[in-house]
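What follows is a set of notes on a single structure, which appears directly below.
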Amino acid sequence: MAKFQTIFVTGGAGYIGSHCVVELLEAGYEVIACDNFANSVNGEKGTAPSLERVEEITGKKVTFYQCDLLDYERLNKIFSQNKIDCVIHFAAMKAVGESMEVPLLYYKNNVVGTINLLEATVHYSRGNRCFQTQFAVNVTSKPNYLNTKCIHICYHGFFFLVMKAHECYQLVFSSSCCVYGNPERLPITEDSPIGNVTNVYGRTKYLIEEMLMDLSRSDERWNICSLRYFNPVGAHPSGRIGEDPTKPYSNLMPYIAQVALGNKPSLTIFGDDYNTPDGTGVRDYIHVMDLASGHVAALAKVEKDKLRYRVYNLGLGKGLSVLELIDLFEKTTNTKVPFVWAGRRVGDVDTLVCDAQLAVRELNWHAKYDATFNLGSGVGVSVIQLVQTFGKVTGMTVAY
Ligand code: WQD
């Protein structure tokens, strides 16, 4: 397969997307990015501050489009105006805790809504590649929150149709360890059972993986790699980009950082009775820069081999409990993180830790940051950057 030159990154202004764009530029690729700013900072006149910082960090340009994946005209224009060799697809909304608050609405909108929409509005036949854009109209005709999750799933189905219409069959998809549900066996390997998912966010990723598998079986031109990653944390060593969600968030690390910055009074620990050494949830926290390099390694694999459809875990293979992460953060930043106890969060599982050996063997990918986020320098580099990033973004300074 010819060497890729131009990579289209959806969700490129977001936390993981922006860090991935850094690595892509450093690897010599040209990058086109789009984002609808659903969960990233929107600058003036549709610019993306996070990508402007990426340009500062790398000294290279990013072509950016403010674009919602359901805006068929705009998406089509991006593909028509650029020769895109491969897509890295991050654009998604993730709300594990939130998705459990009103499950029936989510199942109805996401699963039933998607099947109705995809069947009713997409007449897609070989030869005359035509598909009706009611798909976008139906879904966005009621642009309210209730449809948001339905849009989330529909993005992907619709998006792949646009790719195919432009003869772009290479894709690296950002999936999630959530597809494993509550695993029977640890560490989790790629052949562990999927689909028995405990939260709707994970179920949307599972459904999209199934869709990708069907796509690759239906047409041998598709060359797809899904990356199931675990819990991303940390920030670029420069501290210029990091995790700064614009929507209410439920993830542990950004919450800890906000408490450290004094923006939240205390952290709530959900559950002390999990089947783990200290009773709190254990997760496989992977540094976002390692995650970004994993996406570049996957891109190289898609560029070189005909995968059809292949899945890789991206994680460290080591677990940290909530209490251990708090302790590590406090030691590294010399900042107390007060917390209170509460019951379990619906949808949470005891432990999610992966076996990432397949990615090591087949992608030649190696995580650089260890579980304590040290770069071998004995200092929790990424955690400091995280606080530093929040310091820069929020104008707060935090002693550490
Ligand atoms: C981690 C632990 C909570 C918040 C993640 C993300 C995303 C996905 C993998 C890719 C759990 C506990 C949390 C809080 C707490 N990756 N917690 N108090 O649930 O593993 O979901 O799945 O898609 O990274 O969606 O991450 O950070 O929400 O929770 O006690 O205020 O921290 O119970 O044990 P989770 P999380």
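The values are calculated or read from the model by the stated rules, or taken from the named source; none is laboratory data. For clarity, every value in this text was computed on a predicted model and none was experimentally measured. Heads up, the Cβs are rebuilt from the backbone with ideal geometry, glycines too, and the neighbour counts pull from every protein chain shown. Side chains included, ligands, DNA and RNA excluded: accessible areas come from the protein's heavy atoms. Shrake-Rupley method; radii C 1.70, N 1.55, O 1.52, S 1.80 Å.
Answer with yes or no whether Gly319 is at pLDDT 95 or above, of a type in the set (Gly, Ala, Ser), in contact with a strand residue (DSSP E or B) (Cβ under 7 Å, 6 or more places away or on another chain) and crowded, with 23+ Cβ neighbours inside 10 Å. So Gly319 fails the test. Inspect all residues belonging to the stretch 9-27 and state whether any of them is out of contact with any Lys or Arg (no Cβ under 9 Å at 6 or more places or on another chain), farther than 17 Å from Leu227 by Cβ, open to solvent by 40 Å² or more (accessible area, probe 1.4 Å) and not in a strand (DSSP E or B). No, the stretch 9-27 has no match at all. Glu330 meets all of the listed conditions (1) among the acidic types (Asp, Glu); (2) more than 14 Å from the ligand (Cβ to nearest atom); (3) in a loop (DSSP other than H, G, I, E, B) but one, namely (3). When Arg203, Arg221 are checked against the criterion of being outside any loop (DSSP other than H, G, I, E, B), among the basic types (Lys, Arg) and open to solvent by 10 Å² or more (accessible area, probe 1.4 Å), a single residue qualifies: Arg203. Residues in the stretch 334-369 that are out of contact with any His (no Cβ under 9 Å at 6 or more places or on another chain), farther than 21 Å from Pro193 by Cβ and modelled with pLDDT under 90: 4 in all.
Kindly indicate whether any position in the stretch 101-124 is under 23 Å from Pro232 (Cα atoms), at pLDDT 50 or above and in a helix (DSSP H, G or I). No, the stretch 101-124 has no match at all. In the stretch 330-347, the residues that are open to solvent by 50 Å² or more (accessible area, probe 1.4 Å) form Cβ pairs under 9 Å with partners that are away from the ligand (no atom under 16 Å from the Cβ) and not hydrophobic (A, V, I, L, M, F, W, C), at six or more places apart or across chains, as follows: Lys331/Gly380; Asn334/Tyr400.
Out of (1) within 12 Å of the ligand (Cβ to nearest atom); (2) within 26 Å of Ile256 (Cβ to Cβ), the odd one out for Tyr206 is which? For Tyr206, the exception is condition (2). The residue that is farthest from Ala48 (Cα to Cα), among those in the stretch 246-270 that are surrounded by fewer than 16 Cβ atoms within 10 Å (Cβ to Cβ) and modelled with pLDDT under 85, is Pro248.
Mind listing just one residue for me: the one in the stretch 257-288 that is among the aliphatic types (A, V, I, L, M) and over 23 Å from Gly317 (Cβ atoms) and, of those, farthest from the ligand (Cβ to nearest atom)? By that ranking, first place goes to Leu261. Among the residues of the stretch 59-87, those identified as without any contact (Cβ under 8 Å) to a residue 60 or more places away in the chain and β-branched (Val, Ile, Thr) are Val62, Thr63.
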